[in-house]
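Reviewing the structure listed below.
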Amino acid sequence: MKLYTFLFVALGMLSCHGEQKQTQAPAPVAPTPYVCEEANLFNQDSAFAFVKAQCDFGPRVPNTKQHDSCAAYLSSALRRLGAEVMEQKAVVTAFDGTKLNANNIIGTFFPEKEDRVIFFSHWDSRPFCDHDPDKTNHQKPVIGANDGASGVGVLLELARLIQQKEPKKGVDIVFLDAEDYGAPYFFQGNADNDWCLGSQYWSKHTHYKTKPRYGVLLDMVGAENPTFYVDKVSAMYAQSAVSRVWSRAQEMGYGNYFLTQVEGSIMDDHYYVNVWAGIPTVDIIDFNSERGFPTMWHTMNDTPENISPATLGMIGRLLTSLIY
């Protein structure tokens with residue numbers, strides 16, 4: 001994903017104030033936390049194990065053996081967990097003209113259900129550690145434990161729960177490829193639409209028979225003490241889904257992490273899902289204006305040792321509550 005500095009149309013919010021009464025207001029009642037029994041079954045250690053299993057292949061950069069081996073693992077895992085699996089293979093063109101063999105891996109659960117939710121995460125690794133403090137590492141690939149594997153790990157654990165107990169909603173899980181192959185700072189040519197190549201392809205070749213009601217993209221959901229603001233693309237194109245997801249997070253006691261302010265113009269996979277596929281989709285992504293993305297972003301330090309199982313668990317419980 002990439003952070004953009006362009007401005008979106010401001011989203012106004014109206015508030016209404018009734019006439020003040022002289023009678024004493026009743027004492028406030030503390031809200032009852034939202035309880036989802038199935039959410040308590042989400043195993044954060046299992047999600048972490050799925051994260052580590054991906055990283056054990058090494059960097060999952062398109063056109064590499066590690067990438068192909070991990071693709072086979074992800075397809076097999078989804079199939080073993082009860083999904084109908086489709087591998088959407090495509091040749092896409094990178095910023096420098098390289099032809100990339102991309103593979104969007106899709107798992108469908110309960111295709112007969114018409115009320116559906118779709119979850120996304122990219123699974124590829126960036127070929128450049130171009131934000132590493134050591135410039136000698138800038139042309140080395142990223143392991144991508146947080147940036148890639150964390151979202152996939154959460155969704156694989158969610159699939160395990162779906163296999164155990166049928167949810168109320170139909171679920172599609174899409175692992176998007178070639179998200180992180182955007183031009184590095186040292187590229188001298190011109191680049192346009194060079195990020196999120198897998199989602200660009202998927203959004204023009206959607207797999208489903210019944211269109212999902214809304215979508216959730218996970219990106220960098222494994223760091224300790226994350227901040228999940230509402231990004232401007234989500235606010236502009238998927239306000240109803242924003243309200244649903246962020247309100248539920250508040251109800252579950254995650255308000256210190258899910259902040260309702262709109263912050264950050266981020267080019268991520270959800271842009272194309274919203275604009276090209278027409279599915280209102282939010283991005284749960286760790287970002288704030290003070291530090292930007294997590295410090296491990298696009299560095300050699302994006303490894304399993306820097307992943308918090310507790311954060312994976314929080315995200316997983318939230319998603320579980322949306323489908324049960």
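Consider the stretch 177-198 and keep the residues that are modelled with pLDDT of 95 or more and hydrophobic (A, V, I, L, M, F, W, C). The one that is nearest to Asp124 (Cα to Cα) is Ala178. Arg60 satisfies every condition listed in (1) closer than 22 Å to Ile162 by Cβ; (2) touching a residue at least 60 places away in the same chain (Cβ under 8 Å); (3) buried (at least 20 other Cβ atoms within 10 Å of the Cβ) except (1). Out of Tyr229, Tyr237, one residue alone is of a type in the set (Phe, Trp, Tyr), closer than 25 Å to Asp194 by Cα, in contact (Cβ under 8 Å) with a residue 40 or more places away in the chain and out of contact with any strand residue (DSSP E or B) (no Cβ under 6 Å at 6 or more places or on another chain). It is Tyr237. Counted as qualifying within the stretch 41-156 are the strands (runs of 3 or more DSSP E) with 2 or more residues that are of a type in the set (A, V, I, L, M) and closer than 24 Å to Ile284 by Cα, namely 99-109, 116-122. Just one of the listed residues (Gly264, Gly253) is of a type in the set (Gly, Ala, Ser) and in contact with a Lys or Arg (Cβ under 9 Å, 6 or more places away or on another chain), and it is Gly264.
For the stretch 294-302, check the following and say yes or no: at least one residue is at positive phi, surrounded by 16 or more Cβ atoms within 10 Å (Cβ to Cβ) and at pLDDT below 95. Among the residues of the stretch 294-302, not one is at positive phi, surrounded by 16 or more Cβ atoms within 10 Å (Cβ to Cβ) and at pLDDT below 95, which makes the answer no. When the residues of the stretch 253-292 are filtered to those that are farther than 21 Å from Ile118 by Cα, touching a helix residue (DSSP H, G or I) at 6+ places or on another chain (Cβ under 8 Å) and touching a residue at least 40 places away in the same chain (Cβ under 8 Å), which remaining residue is surrounded by the most Cβ atoms within 10 Å (Cβ to Cβ)? Applying the filter and picking the extreme gives Gly264. Per the listing Lys165, Lys135, the residue uniquely surrounded by fewer than 24 Cβ atoms within 10 Å (Cβ to Cβ) and without any contact (Cβ under 8 Å) to a residue 40 or more places away in the chain is Lys135. Tell me, yes or no, whether the stretch 89-99 has at least one residue that is in contact (Cβ under 8 Å) with a residue 24 or more places away in the chain and within 20 Å of the chain's Cα centre (by Cα). For the stretch 89-99, residues in contact (Cβ under 8 Å) with a residue 24 or more places away in the chain and within 20 Å of the chain's Cα centre (by Cα): absent.
The values are calculated or read from the model by the stated rules, or taken from the named source; none is laboratory data. The shown structure was predicted, so the numbers you read here are calculated from the model rather than taken from an experiment. Note: ideal-geometry Cβ built from the backbone for every residue, glycine included; neighbour counts use all protein chains shown.
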